[in-house]
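Novice: I'd like to ask you about the structure that follows.
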Number of protein chains: 2
Amino acid sequence: MLPRGRPRALGAAALLLLLLLLGFLLFGGDLGCERRELGGRAGAPGCSPSQLMPRVSPDWRLRGAAALDGDPLAGPRDRNPSDCGPQPPPPPKCELLHVAIVCAGHNSSRHVITLVKSMLFYRKNPLHLHLVTDAVARNILETLFHTWMVPAVRVSFYDADELKPQVSWIPNKHYSGLYGLMKLVLPGTLPAELARVIVLDTDITFASDIAELWALFAHFSDTQAIGLVENQSDWYLGNLWKNHRPWPALGRGFNTGVILLRLDRLRQAGWEQMWRLTARRELLTLPATSLADQDIFNAVIKEHPGLVQPLPCVWNVQLSDHTLAERCYSEASDLKVIHWNSPKKLRVKNKHVKLFRNFYLTFLEYDGNLLRRGLFGCPSQPPSGAEQLQQALAQLNEEDPCFEFRQQQLTVHRVHVTFLPHEPPPSQPHDVTLVAQLSMDRLQMLEALCRHWPGPMSLALYLTDAEAQQFLRFVEASPVLAARQDVAYHVVYREGPLYPVNQLRNVALAQALTPYVFLSDIDFLPAYSLYDYLRASIEQLGLGSRRKAALVVPAFETLHYRFSFPPSKVELLALLDAGALYTFRYHEWPRGHAPTDYARWREAQAPYGVQWVANYEPYVVVPRDCPRYDPRFVGFGWNKVAHIVELDAQEYEFLVLPEAFTIHLPHTPSLDISRFRSSPTYRGCLQALKDEFHQDLSRRYGAAALKYLPALQQPWSPARGS
Amino acid sequence: MLPRGRPRALGAAALLLLLLLLGFLLFGGDLGCERRELGGRAGAPGCSPSQLMPRVSPDWRLRGAAALDGDPLAGPRDRNPSDCGPQPPPPPKCELLHVAIVCAGHNSSRHVITLVKSMLFYRKNPLHLHLVTDAVARNILETLFHTWMVPAVRVSFYDADELKPQVSWIPNKHYSGLYGLMKLVLPGTLPAELARVIVLDTDITFASDIAELWALFAHFSDTQAIGLVENQSDWYLGNLWKNHRPWPALGRGFNTGVILLRLDRLRQAGWEQMWRLTARRELLTLPATSLADQDIFNAVIKEHPGLVQPLPCVWNVQLSDHTLAERCYSEASDLKVIHWNSPKKLRVKNKHVKLFRNFYLTFLEYDGNLLRRGLFGCPSQPPSGAEQLQQALAQLNEEDPCFEFRQQQLTVHRVHVTFLPHEPPPSQPHDVTLVAQLSMDRLQMLEALCRHWPGPMSLALYLTDAEAQQFLRFVEASPVLAARQDVAYHVVYREGPLYPVNQLRNVALAQALTPYVFLSDIDFLPAYSLYDYLRASIEQLGLGSRRKAALVVPAFETLHYRFSFPPSKVELLALLDAGALYTFRYHEWPRGHAPTDYARWREAQAPYGVQWVANYEPYVVVPRDCPRYDPRFVGFGWNKVAHIVELDAQEYEFLVLPEAFTIHLPHTPSLDISRFRSSPTYRGCLQALKDEFHQDLSRRYGAAALKYLPALQQPWSPARGS
């Protein structure tokens, strides 16, 4: 409690000063613990016995202490001085903090996003992320950050492949491979004017504000250049097993999952030569690095202990298989950073792992949209596009009955392309990708789809962050899906009340890599032969090159869950005649597919042309560069019809393929559709969209667009699903 | 940066001491800002001009300052001294913090849970929650905390209804009603030995560790007893509109959404009389309180300013309609507590509301299971049942192929009963409640179900925290559902890979309030007449009292989505003969319902008895005190069959009702089932469960259980859904 009135205040103040002075004399200006003790804090983390550094050579302790304050005699001998360092001041409000991460491949990209979410959740400063990536990670992360639009976050990319030659000469046994070594070349890779950076592994989770970590730069003496947390395992003590020969390190060594780098000082000190010399020398007697960059960092530090500033253990709590971390976190009042540095990651055995896992899962499943928040009172340049978006949204009228539609159309969804590992197929001139979109309630279609379509697929999934993890587990649990490397899954994160069906289709379409695409829907199973048949037809018809055409795949439907899929057109027709199959939407909306002329198709031996008619919405195969879907159609109704109108307006001819067919399976009506089918407002808004759509058509095609006017003026039938 | 080497260190230390001394003389021992400035922190929140207190009488400023450190002359005149208070030391690690909340009704209970989640997310100390609740809130919160099992959280309940007489004499216009006034009587209500408590409104969201708030008790002078944040609106200035006459307050007054109470001192100071006297006096000239307890707190403080300790504004950022809060948060480095004190709540208009909403949504949708984490190094008595649970889980063998089953059976799910407002129907001797369970993918069944069943329902929903909010919006958007007060929705939170179907049924069953229950499934629509017919039959047959019977409701199924529901048995039989309907599972599993004897049912005019046969799983009506479902059956298979076996073993007679029927609608197979139908391991585990089930039967019913043995030894057919 505070002193009240001057006399007591004076007394307390005198005591305070005395203590401060005392503390200063005892610990060479190290006020951290004293301040805590003034606060009557028992067992303050920094000073706890759990953070002593046992079994470390006196020589090291000396240097360790020296590393803190440059004075071998300062500080008691038997504690890690950095843990007792003063609580440094937080960086000035709005100071820009720099973070560097090396990331390669599909899986690391997912992990780095969870790391970034945890960082953004607690951060209060603008951030500049420096990402060293391979082509895959760059494509994923560039799209993600572009669509995420987080204020006060800047991202720069550096090409990891260009850096390979600088480290490829080092034999490395660590699972992180070449990329694991790239932290060594950051001082030469990051911009010359960049003086300080925090370097993180991708398997890091923040449980606190990164500014507190940045503030530890204030501990550095004038010569220190590398801030590290002690290794929380006995690896470098070299006594784990017989003939275990780790790389040289100071005592237990340091872990490089979290690094504070004074780039300016490393450049001055000639870091480039320094680490290469050490590495070359050690590699004369050691076969390879076992822990990648960490072995080399430790070897260098053993030679130049003056470079290192030990950091409090809570800034890198290492959950490796035989971790000693408990000595750190059980005493700490607060956990700052968790490091999943076991190859087992979250499956590591540890009596507190469930607790740590909860920190990780918090951000794994956290709705990233919620991180699209600016910083209080930090002026920052809005992300590209954000300003126009804000203005457009601001102009919407909340009283407008179609407000939800307007808002949904403007929504920029976070997009995570190739969420799972993906091997694009070798490019073939007539190859075709199946394009579709789905949400959680259609996952069970994927296995069947994979059995029916052996070719490449590009699928957009509309999911929450948590659902994306369920999806991941679903694929991993399915041998059928796990076996397919040619299926690309693109996660579009949910936002808003209406299903953005055409935005989803456009994401899947844009990611298709073959020259042709089959524009399908997730509830359809194509004929087993369709993939081969389409490629043959495309070649024969010279689609794209000689002819500008859309190949029509006739659509049918079954109303029963369990039915045996017809292996050929003959069996299909038999089922049709038996009433076990119908042409698609035969009961509710025959017009949608009537122009395909099923009667003619029965007999047809060769592809035949059909004319566009109002409401025609066939499933077609077109060149990849076909017109995009009109994103204004959100929710349900008119989204495919509008696309077919567009194709016709651009003079695609419609060719029906005689041997092609696809069958729609029944499903529970989705929530979105049952919500809106009954709503007159909904239909009113849809009509408004159609009118605007036609205005655009007229603008672009002039008189030619007149032919579509009647179609657009027909009221939309609520019975229809799409 | 720290001084390096003794000489510099000495210099810096001297400077430090000088500054400290200077700061002390200037600000009477108030080191907060100075320490920040030492840290080079520009615009430290506390000292920012944004937190000046304009338009406040000099007299108040004097007392305000006095309130901080007891010295009218201490501290510069033009800033709120409390904002510049020293950063108080955090409470000792593991110190128990006390929090009091008044909560009544279904909606407030949901809000308080979001508040608690935000508190638990950041807390590092054990907490004791003191909840003043009505009967509804108590039932909800007791069940929730009991099943939540959060370590280091104790909960005590106090009966709000008992407190009503103490405040009911006060006319109050505030929407919080009588409960809004109960904070006034906490000193007399909470245990006499309780000296300090933090009092919170239910519309509070934490964005920081509550221990930092608790630490502000350290600011209190020896006489101060109430810590409050200044009101962030001009309400109490009385100039909002013509003849606006607010209650008396110091300047802008204080907001009581967040209160630090020194209960011990209030009791000494005779608080009970103090506030009553003031209230009575003011009510001579004022018609009623407009802001409930807040008006009275402010009137008392105006009289006894020495009681109040002003708190930094960030500890109660008030998002009322005409808030001035921006002056606070735009300068603050950090937001601590958000207060949704507008009746509009999250829909309040405010240019930063989206940002604040994100804080709220974070915890609204946060998976509460992740908060089941202990505190590092704080020994605490585990929640009741938690220890046994841990032991049981520890004994499981992860290599056991049925490990997932064992784990799922032991899982204790968080349960939120009556998630939405619910009016139990007036009790009637033969009333019957429809009992069922569902997950997100069956929401679209609810409206139809409400149309078919006009009586009470008890439904268990298996949801994530985020899905629970989607469900809430779904119900609010549906006139049909919103109109039904007699449908009780009980949310069971998802955890684990297997669907705990029988645990869900037991939750719904336990919450049924009528003497009889109809044990149904969500995919069934009962005959329109069934509710009335069942009540009549129950009465005629003297079910429960004269006879121990289970009334069988014959089950049918349609394979088409769109079919017109038969209004009577006659039309049903016509559809059956036309092949538009089948008896339930006619194709995959006729045995499940064959014993109902559909042939006899066609002709039957009166209820008839049938014998139990292996695999019989009819839908039945039984007294509420019937046996529970066996929770060991998780996922799919045998869950209902086992219950029917149990009924038979307890000698329930099975009576088929001639006019009763229910019809199953088709649906996409759920993820869980498609995941397991194909798995031999799954079937192996199911057989193991059946064996154990039979061992229990034999134990309980001896030789009588032998008759079930063959049934239990039949392999389970993977085609079956339940």
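A short reminder: the numbers here are calculations on the coordinates, not readings from a lab. Just so we're clear, the structure is a prediction, and the values are computed from it rather than from any experiment. Neighbour counts are summed over all protein chains in view; Cβ atoms, including those assigned to glycine, are modelled from backbone coordinates with ideal geometry.
Novice: Please give the contour-minus-distance gain from B:Tyr561 to B:Gln268: 0.36 nm per residue of separation, less the Cα-Cα distance, rounded to one decimal in nm.
Specialist: Value of the extension gain: 98.3 nm.
Novice: Under 22 Å between C-alpha atoms is the cut-off here; go through region A:158-313 and count lysine pairs that meet it, provided they're at least eight residues apart or on different chains.
Specialist: Working: A:Lys164/A:Lys173; A:Lys164/A:Lys183; A:Lys173/A:Lys183; A:Lys173/A:Lys242; A:Lys173/A:Lys302; A:Lys183/A:Lys302.
For region A:158-313, the number of qualifying lysine pairs is 6.
Novice: How many nanometers, to one decimal and shortest first, lie between the label point of B:Gly188 and those of its other copies, if labels sit 7 Å from Cα toward Cβ?
Specialist: Result for B:Gly188, in nm, nearest copy first: 8.0.
Novice: Could I ask something else about it? Which trypsin sites (Lys or Arg not before Pro) from region B:526-566 combine a DSSP loop assignment with at most 13 other Cβ atoms within 10 Å?
Specialist: B:Arg546, B:Arg562
Novice: How far apart, in nm, are two points set 7 Å out from the Cα along the Cα-to-Cβ line at A:Ala614 and at B:Glu571?
Specialist: 3.4 nm
Novice: Another question about this same structure. Between the DSSP loop rule and a limit of at most 14 other Cβ atoms within 10 Å, which trypsin sites (Lys or Arg not before Pro) in region A:317-369 are left?
Specialist: Details: sites: A:Arg327, A:Lys336, A:Lys344, A:Lys345, A:Arg347, A:Lys349, A:Lys351, A:Lys354, A:Arg357; in loops: A:Lys336, A:Lys344, A:Lys349, A:Lys351.
Those satisfying the criteria are A:Lys344, A:Lys349, A:Lys351.
Novice: What is the spin-label model distance, in nm, from A:Leu277 to B:Tyr122 if the labels are put 7 Å beyond Cα along the C-beta direction?
Specialist: Those two pseudo-labels are separated by 5.0 nm.
Novice: Between 0 and 90 degrees, rounded to the nearest ten: what's the tilt of helix B:135-148 against the longest Cα principal axis of chain B?
Specialist: Compared with the principal axis, the helix lies near 80 degrees.
Novice: Based on the Cβ-Cβ distance of A:Arg699 and A:Ser290, what FRET efficiency does E = 1/(1 + (r/R0)^6) give at R0 = 45 Å, to the nearest 0.05?
Specialist: On the way: r = 65 Å, r/R0 = 1.45.
That pair, A:Arg699 with A:Ser290, gives E of 0.10.
Novice: Then there's this: Rounded to the nearest 5, what is the percent of antiparallel bridges among the DSSP beta bridges in the protein assembly as shown?
Specialist: On the way: 58 of 156 bridges.
Beta bridges within the protein assembly as shown, antiparallel portion: roughly 35 percent.
Novice: For region A:109-204, which GluC sites (Glu not before Pro) are in a loop by DSSP, counting at most 15 other Cβ atoms within 10 Å?
Specialist: Of the GluC sites (Glu not before Pro), the ones in loops of region A:109-204 whose Cβ has at most 15 other Cβ atoms within 10 Å are A:Glu193.
Novice: Need the list of lysines near B:Lys124 for cross-linking: C-alpha distance under 20 angstrom, and skip anything on the same chain fewer than eight residues off.
Specialist: Partners found: A:Lys336, A:Lys351, A:Lys354, B:Lys93, B:Lys336.
Novice: For region A:97-369, just say rounded, prolate or oblate: build the C-alpha gyration tensor, square-root its eigenvalues into a ≥ b ≥ c, call rounded for a/c under 1.5, and beyond that prolate if a/b exceeds b/c, oblate if not.
Specialist: On the way: a/c = 1.39, a/b = 1.16, b/c = 1.21.
Rounded is the answer for region A:97-369, as its axis ratio a/c remains below 1.5.
Novice: Place the label 7 angstrom along Cα→C-beta at A:Pro590 and in each other copy, then list the distances from the first to the rest in nm, shortest first.
Specialist: 3.7
Novice: Further question: Where does chain B land at 222 nm, in deg cm²/dmol rounded to the nearest 500, when only DSSP H runs of n ≥ 4 count, each adding -39500 (n - 2.57), divided by all residues?
Specialist: Dividing the helical sum by the residues of chain B leaves -10500 deg cm²/dmol.
Novice: Ok, one more. List, shortest first and in nm to one decimal, how far the label point of B:Gln611 (7 Å from Cα along Cα→Cβ) is from its counterparts in the other copies.
Specialist: The answer, with the shortest distance listed first, is 7.2 nm.
Novice: With θ set to phi - 60°, apply the Karplus curve 6.51 cos²θ - 1.76 cosθ + 1.60 along region B:304-315 and write out the HN-Hα couplings as whole Hz, x wherever there is a Gly or Pro.
Specialist: Each residue of region B:304-315 in turn: 10, x, x, 6, 9, 10, x, 9, x, 4, 5, 8 Hz.
Novice: Now, a different point. Tell me which lysines have Cα within less than 22 Å of B:Lys707's Cα, excluding those fewer than 8 residues away on the same chain?
Specialist: B:Lys548, B:Lys640, B:Lys690
Novice: Next question, about the same structure. When the Cα centres of region B:328-349 and region A:494-534 are compared, how far apart do they sit, in Å?
Specialist: So the two Cα centres are separated by 43 Å.
Novice: Could you work out how far helix B:386-395 tilts from the main Cα principal axis of chain B, as a 0 to 90 degree angle to the nearest 10?
Specialist: For B:386-395 against chain B, the angle is about 60 degrees.
Novice: Rounded, prolate or oblate: which one fits chain B, using the alpha carbon gyration tensor with axes a ≥ b ≥ c (rounded when a/c is under 1.5, else prolate when a/b beats b/c, else oblate)? Write out the running numbers ahead of the final one.
Specialist: On the way: a/c = 2.82, a/b = 2.08, b/c = 1.35.
Verdict is prolate for chain B.
Novice: Please compute the modelled spin-label separation between A:Lys164 and A:Ala604, points set 7 Å along Cα→Cβ, answer in nm with one decimal.
Specialist: 4.8 nm
Novice: Roughly how crowded by other chains is peptide B:218-227, in terms of the mean Cβ count from those chains within 10 Å of each of its Cβ atoms?
Specialist: 2
Novice: In addition: By how many degrees, between 0 and 90 and to the nearest 10, does the Cα long axis of helix A:58-69 differ from the longest principal axis of chain A?
Specialist: Approximately 70 degrees, to the nearest 10.
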